[in-house]
Amino acid sequence: MLIKKEEELDDIIICQKCFTIHKIVEIKDGSKALCSECKNILYRYDSNLAKKGLALSITAFIFLLIANIFPLVMVNILGNESYITISKTFLMLFDSGFFIVGFMVMSLIFLFPFIITILYMIIFFLLYFKIGKRLSRDILILISHIEPWSMAEIFLVSILVSLVKLIGYAQIHIGVSFWALILYIIFDIYITKSIRIYELWSLRERVFYK
């Protein structure tokens with residue numbers, strides 16, 4: 001595809017899987033556009049995207065709150081009980097003097113998940129009620145920059161690996177926060193991976209310019 005003017009970049013999209021360039025065409029409500037080479041989904045059109053996204057992001061935020069309030073697991077080794085919480089993972093690093101590592105862990109598993117989830121709630125709220133034209137643009141740009149830094153799912157995997165290693169040595173009791181964290185990650189993956197940033201930009205354009 002030959003691009004002669006810079007303005008033409010607004011009318012093309014690149015497949016995230018095989019990097020084939022396609023021209024953006026209008027599609028019907030509820031349908032999706034596929035890559036001509038690898039059949040990967042390029043974009044979709046859902047007139048209820050803002051409403052669904054707002055409900056999903058609020059639900060994800062509730063599960064994230066629960067995951068941070070209660071203990072994740074309780075480990076009992078020879079009568080000695082120890083509760084593991086999300087905040088305890090990085091507070092112990094601070095107490096041990098590992099401030100840089102503690103700050104990084106706190107950012108990746110606590111701050112960024114909260115910030116990104118709140119930003120998604122705000123952007124879906126603005127698009128659903130059709131307000132905040134400039135603010136919605138700034139939020140979408142911010143999400144694009146910080147979204148890769150949320151690593152709650154990696155934190156969950158590390159917990160599972162640790163629990164597997166402790167099964168033969170300790171009694172393990174799963175807390176309500178553990179299940180809340182799993183549910184949050186499921187919702188977070190759907191919001192951040194299934195709903196593409198391009199779809200939010202397209203929704204914003206339909207809301208404020210059409």
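Could you go through segment 37-57 and let me know if any residue there is modelled with pLDDT under 80 and among the basic types (Lys, Arg).
If we filter segment 37-57 for residues that are modelled with pLDDT under 80, which is where we start, we get 41-47.
Then drop every residue that is not among the basic types (Lys, Arg), which leaves 44.
Looking through segment 37-57, at least one residue is modelled with pLDDT under 80 and among the basic types (Lys, Arg).
May I ask you to verify whether Thr59 is buried (at least 19 other Cβ atoms within 10 Å of the Cβ) and either within 21 Å of the chain's Cα centre (by Cα) or in the same structural domain as Phe155 (by TED's automatic domain parsing) (or both)? Even if it seems obvious, please write down each step before you answer.
Numbers: buried (at least 19 other Cβ atoms within 10 Å of the Cβ): no; either within 21 Å of the chain's Cα centre (by Cα) or in the same structural domain as Phe155 (by TED's automatic domain parsing) (or both): yes.
When the stated conditions are applied, Thr59 does not pass them.
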Of residues in segment 108-153 being among the hydroxyl-bearing types (Ser, Thr, Tyr), surrounded by 14 or more Cβ atoms within 10 Å (Cβ to Cβ) and part of a helix (DSSP H, G or I), the one farthest from the chain's Cα centre (by Cα): Tyr128
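Considering only segment 24-68, state which residues are of a type in the set (Ser, Thr, Tyr) and touching a residue at least 24 places away in the same chain (Cβ under 8 Å).
As a first pass, look at segment 24-68 and keep what is of a type in the set (Ser, Thr, Tyr): 31, 36, 43, 45, 47, 57, 59.
Across segment 24-68, the qualifying residues are Tyr43, Tyr45, Ser57, Thr59.
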Cross-chain or 6+ apart pairs with Cβ under 6 Å, segment 171-196 first and over 12 Å from Leu56 (Cα atoms) and in the same structural domain as Ser57 (by TED's automatic domain parsing), then of a type in the set (A, V, I, L, M) and at pLDDT 90 or above: Ser177/Ala67; Ala180/Ile66; Ala180/Ala67; Leu181/Ala67
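Taking segment 78-107 as the region of interest, how many residues are in a helix (DSSP H, G or I) and of a type in the set (Phe, Trp, Tyr)?
So in segment 78-107, the residues in a helix (DSSP H, G or I) come out as 86-95, 99-107.
Within this subset, residues satisfying the condition of being of a type in the set (Phe, Trp, Tyr) are 90, 94, 99, 103.
Of the residues in segment 78-107, 4 are in a helix (DSSP H, G or I) and of a type in the set (Phe, Trp, Tyr).
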Failed item in (1) touching a Ser or Thr at 6+ places or on another chain (Cβ under 9 Å); (2) of a type in the set (A, V, I, L, M, F, W, C); (3) in a strand (DSSP E or B), with Ile172 passing the rest: (1)
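The values are calculated or read from the model by the stated rules, or taken from the named source; none is laboratory data. From a predicted model like this one, the values you see are computed outputs, not experimental measurements. Every residue, glycine among them, receives a Cβ derived from its backbone with ideal geometry; neighbour counts consider all protein chains shown.
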